[in-house]
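J.: Take a look at this one; I'll ask things after.
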Amino acid sequence: MESFTDEAELNVSSLRPGTEYSFSVCTIVELNGTKVDSTPVKITHRTNINMEFVLRELGLQIHLKNKLTLQSVLELKKPSEEDQTAHSLRSLPWLFLRKLMMVNSSARIIKCASKTANSGNSTGFYEEQKGIHLLDLITALFHCADPFLQQEMTLKMSMCQFSVPLLLPNCDTKECTLMLWALRDISKQFRSYSLDEDSLKENSIVLTDLPLISFVRLGKSSVSKSEFLNKLLSNNQHHHDTFFHKELENGNISRKISNGLVEMSWYLPGGKKTNDKFKEPVAVANLRGDISDFKAQFTFLSQTSSAVFLFCDDLDSNQTFLESLQIKSKLVLICTTDSSTSGDNLTTKFKPYSKILRERNMNDFKFVDTLQKAVVDILADSTKMSIEKMSKIAPDLGILVDENNPICQNAKKRADLITQDITNIPEYKMKELSLQDRIWKELSKLEKEMCRLKAKKQNIEHYKSELKSQIQKLQKQQGSSDMREAMYQFISGLSCSPEEQLYFLKWLKINLDHLTRKHQSRLDEQYREVCNNPKEDKDLRDLENEIASSSLGVQHFMRELSQLYESTHYQKNKKHTALKKLPEMCAQLMLTGFPLELIDGDASNIPLTWIRDVLTALNPLSAPHNRIRAVTVLGVQSTGKSTLLNTMFGIQFAVSSGRCTRGAFMLLIGVSEEFRSELQCDYILVIDTEGLKSPELAKLADSYEHDNELATVVVGLSDITIVNIAMENATEMKDTLQIVVHAFLRMKEVGKRPCCHFVHQNTADVAVYEKTLRERKIVLKHLDEMTQAAAKMEKIDNKKFTDILEYNIDGNNWYIPGLWLGVPPMAPVSTGYSEEVSKLKDGLLNIFKATKVPAQNFMEFEEWIRSLWKAVQFENFIFSFRNSLVAEAYSKLCVEFNTWEWAFKKHMISWYTKSETKITNMSVMSVRSKSTLNVDTVVADLKHEATKELDKEEERLLGKIQQYFEREEEHVHLVENYKEDFVNSAKGLRRETETDLRNKIENAVLIQKGIEKVELIKQNQRDTMKEKVLNLTSVCRNTKNKLSDSQLNEEFKKMWDDTVRQYSLTALPRHDLGNETYRLLHSNLETKGGAVREMLSNITSLDECGTGPFYAMTIKMNMFKKLKNSYLPTPRNKKHKLIQMTCERIINESEMLILSKTRTKSDYVSADIQELLCFIEKKLENCKDPQISPENAASLKIHICGIAARAFQKMHDDYIQRTDPLSSLERFKEQWLADFKDLYYQRDQCQSKAEMCAQQCFAPAVMDYIQKRLGPDIVEEMLTGKTAVDFSTRTYFQFSLLKQLLQDEDFNTIFKFVKYYKKFVTEWISEKIIEHFSKDDAFLKLEMKHLNAIVSKLETAIESAKSMTNNSNNFVTNVFNCLDEELVTPIDNLNAALVLNNSDPAEFVDCLKSSIDKMHQALEEELRGESEIREKLAKLSMNRPQEVIFRRVFGCGKKCPFCKAPCEAGGKEHSEHFASVHRPQGIGKHKWTSTRKLVPDICSSLVASKGDFRNKDTGYQWHPNKEYRQIYPDWRIQPDTSIEATDFWKYIFAKYNTKFAEKYNAEPADIPRDWYNISVHQANKCLEDTFLLKSQK
């Protein structure tokens, strides 16, 4: 570039920072018209560097103002190639931070992979260097990080044994900042030789007074100050580069913005003389750059250091500068041999403390040894100063202090107000944090006792009421406590601005950690003294208890806050209004990465209200991005679980100093926007837990139970559980696995899909994976054994470990080396540890990517917390678990299945209706057409068609189930365990339907066989009569005189009577079914023994048997005199009452069977009685206790057969009356007469015959069509209309029934519901149908729909039949043939109408159309005129809707063995029965033997108690309540999970106690007082909560 100017100066712009430029300047003079150049002058100049330029190269310029936050850095980002190697300068900061957050020591070894080493936006600043100096990167990041990220960075750098910034320079402002706040989070442990050998000191590094040794450089030095400093700090066994230097990768790149940086590190002795280089801890500072350029930094170091080691090779050139220095500390000069002489010329103004010369032949080892001796010498007489004290000096030197800002200082003052007066931590906690102490712990115990009922009490409900009273008393006591000053201050700190809030919490943590360490140190010293000089065990125990309670952290204040919120929430007092914003505050904190205590480890309890409200607040705050997946770690105490999580996710859980985590904490980690869809969630929730097998708890009797509870909750909440195993402790490993297996087994049983990965720590062998194959197989064998043992304890079938979760012996095991590379405190975190943990993290994220289980939102997660915790409070977890998400998912599945089931049934009902119509028409049409009907072929064809239809519908139903379980939403995975039940129910439905259809088809064909015989007789009679009428007509016409009507009538009557008499047209024979039934009964009983035969011999007729009530006998038959009605009642004992009840039940069921047989319009067949006797036999065989004697069994059969004989006789008589040929002929006598007259007078019959066909043939067929189809339509309307919810599942149905009982408040209705449930339900359904269809002409609309549909089909059929024939009779028959699947041909009416038809076919068709229209109108008017729905419903003989709906909601029909509550499980083939609400046993007639008082105990309480029960099923032997599954393995009775769970039945029993007692001839129950306080509102709320129907209201 060339420029000209007339001025004396020229500004050159657009130069790149940090670049060296050469300039050539000359003067141009014009002499005699010729231009002459002067001799050029050359100068060289390097441009300055500014911060903004470097940040722009790194892509960080935006963060100079908008600081990087910790949560943004910890956010999970989509993996890319740049996770390991940067491809541009812009990716270097993120790569460094990612590795640093995982405490990976290779974070400093980063460079760009490409030669260009920068992005397209770069100006080529680092082009030739292929990277950036690490210290420039660190300086840039610290300038762009917020104070909390700075703290985390320094902490992680310290763990890696990297030096950390002490003074951070700003090359633009030439200022530097003391990083006091950034270093506050670092605490160090060491052993000092000045202390006792067994003592250990731990403190915050900024508060620890330490001698500071500073290393600086003046001018150029031939030796690397940082390199030798690393050698000085490293022990002989292991070298570590604490300070970055030029010999490391990228160390040769020139620094741009980090000159003036002062780094700090520490040497901390471990107490081993062979390894420790220095006996005392020492801080080391290292100034980057020439001290002549950074006087402020050097002055600060000279005033705060015990000694300054100055590296300088040219003392002579720098003599003036050195003499100008005001050094307060000892100065040690370090020179090379070449410059050693010049040092002698220094004036007396500058005399160093000592001087170290590095001679040419001095190797590095000797030089380092010399440095070490010099440091040791200085340490012998050194001044000590903490970094906090240094901050007082810094401002005087113009050095900024990072925490000297108003927000930070205000927050510090707030925190100091809380902690300044704390002297004794246990006393302080009892005084200021009292809510989490005694009362909370007692409440926790009482809540568990409320669930477990360990005390053996006869009256469980009274005991529960006592517990409830104690709980309420404690809650009231807790709620009445005044808020302490400390909590006022704490809440005040939380209520300030977001930034000050974070500062406040951090300051509070820092202060409390310092106090705890101090207090713990004093107690540890006392403990050592007591152990060395034992006096009494009591002193030791007291000291152990004090140590256990000496921890104080922010989590204790948060815990107190939760208890304050819980107590005021219960009391609903004014304080609650003031505290109602606290959950939202806490939710905001969680979004910033603050951990929340989930389980209080001290009380072993969860503050459910607090957790619920915090998570409820979180849901909208994070919406719509509120999906979470949870990861947790389980393992033995002190095996590095928290460290594993911290390393994996870069987090820090709030763990108090001096002891391990107690309980469980949860923390949120965000997922970046581009990674959310792939990871299928928005946050990862990490759960940190206390260690299992804790020595502190081992001495307690319930420690195993405590560990099981903890493991169950966190495993249940987690999508992935990491089981942390320390390889060196095999015994504890086995114990841990046993606990974990219990938790996984429980999750499998309640619908969770556990995912487990085993992490084996401290495995350093390079071939560990190959060498441990055998060990992995042994571990799997142990897991199988433990699974079987756990299954036995949980009282379920034995299983293998691989049965309860997906476990791969290779993919689910991870081997991680030890944490430290060397011996602490000077050891860094092992790079191998970090990298293996990183691989584990990637493996877990890949599982999330592949899973089909949908993520939860915060509300669903809260529900899991609540239900899991409630369940673990019961000792028997698997049978105590009740989760509303699982229940809701199960309910949805039931609703869906019921919809599919009804679609299946509806289709098959429609198919059978058409098939039955076709069958009905076959025999009559074959008789009319005089063709032979092959019945067997018809049956075979229909059965084959039925099988095809069933196959198709079953496949569709099973497909629906499969599709449902393949969905990825709606918590389908939670009900995976029920899939087999519903598949079996589908197959069972098919089998049941197929059997029913086959029976119906066979019965229908059997009926048609009988009808065919009758129809042949009728047809012959009609043919005969037709011939006679035609002959008579011919004779009458041939008479000379025209006959009058009366004469025609007389002639016709004479002909009719003669024909009937001449051709023996007689009625069908009537059978005596009483005798036939007796014969079959006699055959059944004749082999039963002498007493039974004697009974039979005394009965000659069944006419009067079964006409009165049945009484079971208690005496032998020799007392039997006469059988009339039945036996007289006899005195009854308990066993006899049971026999009587059993017999009555069999009679009722038999009557239902008889009714189903007699309801059909067919004739009686002897097989019906045979079937009835077999049915009774089967019922008697199932009666094991009490056993029915042969005499009572015979008496029962006689009674039932008497009833059956009369019913079947009536059925037979009705059939004869309907189908008797002569009766049929006589019924149409007038019609024959009318036709005779028409023929005689030769009148046109078109109109009359058409009207006759319409009114007598088509009208009845149309009405029959409507009747058959109304049933399914009514069911459809009830299942899809406004009443759909009531009938959607058995659970909803129960809710509707109980709600109705509560609204009616009528004891008789309630008693009927309890005592006669089946009858009550049937009537209730009928009333619901009547109520629904009485509104808005709903029933009429259905009738009109089918009327219009069939009339339309009829009109179409008429048009189709016109072209088939020119005969009127055949035309009508063809119309019916076209509709042979729709209309049943009324053959008698049809034959009567068409037998003497002489109408013109074409004219007849027109007349018929007109008549059909009139029929349509007439039927419509008839239907409109019948307004009584109850009567219409009673007329439905086929597909009765109340029966169809009853079968749907009645289910399997099983009842709770204790309180008789009906089963609500979906499908019929379910493997377990359950009921949502159980009742006091007194409602079911249970009473105490001794007092005859009704029993108030509820079985959902009993199964959780320590008591026993006995009944006929236990052989009247006592059996533990909790072991009820041994007696009733098919029943799952959920324990009463809350005090209010059974308020409905408590309210009912308390209100009608006396009336129940009167009904049962017993004394009223002793009901707990609090039952009388339950209101209708509470009872109603109990129903809604129990049935999970709040969302429906």
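J.: Can you give me the ranges of the helices (runs of 4 or more DSSP H) entirely in segment 1136-1243 with at least 2 residues that are modelled with pLDDT of 85 or more, surrounded by 16 or more Cβ atoms within 10 Å (Cβ to Cβ) and touching a helix residue (DSSP H, G or I) at 6+ places or on another chain (Cβ under 9 Å)?
T.: In segment 1136-1243, the matching helices (runs of 4 or more DSSP H) lie at 1166-1181, 1190-1219.
J.: Still on this structure, please answer the following. Can you work out which of the residues in segment 1358-1386 that are part of a helix (DSSP H, G or I) and over 25 Å from Gln1008 (Cα atoms) is modelled with the lowest pLDDT?
T.: So, considering only residues that are part of a helix (DSSP H, G or I) and over 25 Å from Gln1008 (Cα atoms), the one modelled with the lowest pLDDT is Ser1368.
J.: Quick one: count up the residues across segment 613-637 that are within 22 Å of Val741 (Cβ to Cβ) and either assigned to a loop (DSSP other than H, G, I, E, B) or among the polar types (S, T, N, Q) (or both).
T.: The qualifying residues number 2.
J.: Then there is this: How about segment 487-534: which of its residues are aromatic (Phe, Trp, Tyr) and either at positive phi or touching a residue at least 60 places away in the same chain (Cβ under 8 Å) (or both)?
T.: Correct list: Phe490, Tyr503, Phe504, Trp507.
J.: Moving to a separate point now. Which ones in segment 1331-1344 are in contact (Cβ under 8 Å) with a residue 40 or more places away in the chain and more than 17 Å from Gly1425 (Cα to Cα)?
T.: Within segment 1331-1344, His1332 is the sole residue that qualifies.
J.: A further question follows. In this structure, is Asp185 within 29 Å of Thr592 (Cα to Cα) and open to solvent by 10 Å² or more (accessible area, probe 1.4 Å)?
T.: yes
J.: Okay, next question. All but one of (1) open to solvent by 10 Å² or more (accessible area, probe 1.4 Å); (2) of a type outside the set (Ser, Thr, Tyr); (3) at pLDDT 80 or above; (4) more than 22 Å from Tyr978 (Cα to Cα) hold for Lys800; which doesn't?
T.: Single failed check for Lys800: (4).
J.: What do you reckon, is Ala827 over 30 Å from Lys231 (Cα atoms), open to solvent by less than 10 Å² (accessible area, probe 1.4 Å) and out of contact with any Lys or Arg (no Cβ under 7 Å at 6 or more places or on another chain)?
T.: No; evaluated as a whole, the condition is false for this residue.
J.: Can you find a residue in segment 274-290 that is out of contact with any strand residue (DSSP E or B) (no Cβ under 8 Å at 6 or more places or on another chain), of a type in the set (S, T, N, Q) and without any contact (Cβ under 8 Å) to a residue 60 or more places away in the chain?
T.: Yes; the residues of segment 274-290 include at least one that is out of contact with any strand residue (DSSP E or B) (no Cβ under 8 Å at 6 or more places or on another chain), of a type in the set (S, T, N, Q) and without any contact (Cβ under 8 Å) to a residue 60 or more places away in the chain.
J.: Considering only segment 1298-1307, I want to know if a residue exists there that is out of contact with any strand residue (DSSP E or B) (no Cβ under 8 Å at 6 or more places or on another chain), more than 27 Å from Lys1546 (Cβ to Cβ) and surrounded by fewer than 22 Cβ atoms within 10 Å (Cβ to Cβ).
T.: No, there is no match, as no residue in segment 1298-1307 is out of contact with any strand residue (DSSP E or B) (no Cβ under 8 Å at 6 or more places or on another chain), more than 27 Å from Lys1546 (Cβ to Cβ) and surrounded by fewer than 22 Cβ atoms within 10 Å (Cβ to Cβ).
J.: For Ala791, all conditions in the list (1) assigned to a helix (DSSP H, G or I); (2) closer than 30 Å to Leu618 by Cα; (3) open to solvent by less than 40 Å² (accessible area, probe 1.4 Å) hold save one; what is the number of the exception?
T.: (2)
J.: Which of (1) in contact with a helix residue (DSSP H, G or I) (Cβ under 7 Å, 6 or more places away or on another chain); (2) in a loop (DSSP other than H, G, I, E, B) is the odd one out, the single condition Phe228 does not satisfy?
T.: Unmet condition: (2).
J.: Let me ask another. Could you list, in sequence order, the residues of segment 1512-1571 that are in a strand (DSSP E or B) and either closer than 24 Å to Lys1493 by Cβ or in contact with a Leu (Cβ under 6 Å, 6 or more places away or on another chain) (or both)?
T.: Passing the criteria: His1519, Pro1520, Glu1563.
J.: On the basis of being more than 25 Å from the chain's Cα centre (by Cα) and either under 22 Å from Asp719 (Cα atoms) or in contact (Cβ under 8 Å) with a residue 60 or more places away in the chain (or both), does Val939 make the cut?
T.: Taking the combined requirement at face value, the residue satisfies it.
J.: Looking at (1) out of contact with any helix residue (DSSP H, G or I) (no Cβ under 8 Å at 6 or more places or on another chain); (2) at pLDDT below 85, can you tell me which one Phe675 breaks?
T.: Tallying (1) out of contact with any helix residue (DSSP H, G or I) (no Cβ under 8 Å at 6 or more places or on another chain); (2) at pLDDT below 85, Phe675 fails exactly one: (2).
J.: Now for a separate question. Please find, among Lys246, Lys295, Lys272, the residue that is open to solvent by 10 Å² or more (accessible area, probe 1.4 Å), within 21 Å of Ile393 (Cβ to Cβ) and modelled with pLDDT under 95.
T.: Selected residue: Lys295, the only one of Lys246, Lys295, Lys272 that is open to solvent by 10 Å² or more (accessible area, probe 1.4 Å), within 21 Å of Ile393 (Cβ to Cβ) and modelled with pLDDT under 95.
J.: Given Thr643, Thr609, which one is open to solvent by 20 Å² or more (accessible area, probe 1.4 Å), out of contact with any strand residue (DSSP E or B) (no Cβ under 8 Å at 6 or more places or on another chain), closer than 23 Å to Gln761 by Cβ and not basic (Lys, Arg)?
T.: Thr643
J.: Which of the strands (runs of 3 or more DSSP E) contained wholly in segment 254-343 include at least 1 residues that are closer than 13 Å to Leu218 by Cβ?
T.: Here the list reads 282-290, 307-311, 330-336.
J.: While we're on this one: If a residue has to be hydrophobic (A, V, I, L, M, F, W, C) and in contact with a Ser or Thr (Cβ under 8 Å, 6 or more places away or on another chain) to count, how many in segment 492-535 make the cut?
T.: Within segment 492-535, residues that are hydrophobic (A, V, I, L, M, F, W, C) and in contact with a Ser or Thr (Cβ under 8 Å, 6 or more places away or on another chain) number 6.
J.: Here are the criteria: (1) open to solvent by 20 Å² or more (accessible area, probe 1.4 Å); (2) modelled with pLDDT of 85 or more. Tell me which single one Asp682 does not satisfy.
T.: (1)
J.: Here's another thing I want to ask about it. Report yes if Ser1490 is open to solvent by less than 40 Å² (accessible area, probe 1.4 Å) and either out of contact with any strand residue (DSSP E or B) (no Cβ under 8 Å at 6 or more places or on another chain) or not acidic (Asp, Glu) (or both), otherwise no.
T.: The answer is no for Ser1490.
J.: Give the number of residues within segment 139-163 that are touching a Phe, Trp or Tyr at 6+ places or on another chain (Cβ under 8 Å), assigned to a helix (DSSP H, G or I) and open to solvent by less than 10 Å² (accessible area, probe 1.4 Å).
T.: Matching residues across segment 139-163 total 3.
J.: From the list Phe1311, Phe1287, Phe1320, Phe1293, which one is aromatic (Phe, Trp, Tyr), part of a helix (DSSP H, G or I) and under 29 Å from Ser915 (Cβ atoms)?
T.: Of Phe1311, Phe1287, Phe1320, Phe1293, the one residue that is aromatic (Phe, Trp, Tyr), part of a helix (DSSP H, G or I) and under 29 Å from Ser915 (Cβ atoms) is Phe1287.
J.: Which of the residues spanning segment 794-838 are part of a helix (DSSP H, G or I) and either over 31 Å from the mean Cα position of the chain (by Cα) or small (Gly, Ala, Ser) (or both)?
T.: Thr831, Gly832, Tyr833, Ser834, Glu835, Glu836, Ser838
J.: Still on this model: In this structure, does Leu310 turn out to be modelled with pLDDT under 90, crowded, with 22+ Cβ neighbours inside 10 Å and over 20 Å from Phe162 (Cα atoms)?
T.: no
J.: In segment 740-756, which residues are open to solvent by less than 10 Å² (accessible area, probe 1.4 Å) and in contact with a strand residue (DSSP E or B) (Cβ under 7 Å, 6 or more places away or on another chain)?
T.: Matches in segment 740-756: Val740, Phe744, Cys756.
J.: A further question follows. Could you grab me the full set of residues in segment 1256-1285 that are among the β-branched types (Val, Ile, Thr) and over 33 Å from the mean Cα position of the chain (by Cα)?
T.: Val1262, Ile1266, Ile1274, Val1275
J.: Sort out which residues of segment 478-497 are surrounded by 14 or more Cβ atoms within 10 Å (Cβ to Cβ) and more than 17 Å from His556 (Cβ to Cβ), and write them in order of number.
T.: The answer is Gly479, Cys496.
The values are calculated or read from the model by the stated rules, or taken from the named source; none is laboratory data. In this text, all values refer to a predicted model and were calculated from it rather than measured experimentally. Don't worry about glycine lacking a Cβ; one is built from the backbone with ideal geometry, like all the others, and counts go over all protein chains shown. Just the protein is used for accessible areas: all its heavy atoms, side chains included, with ligands, DNA and RNA removed. Shrake-Rupley method; radii C 1.70, N 1.55, O 1.52, S 1.80 Å.
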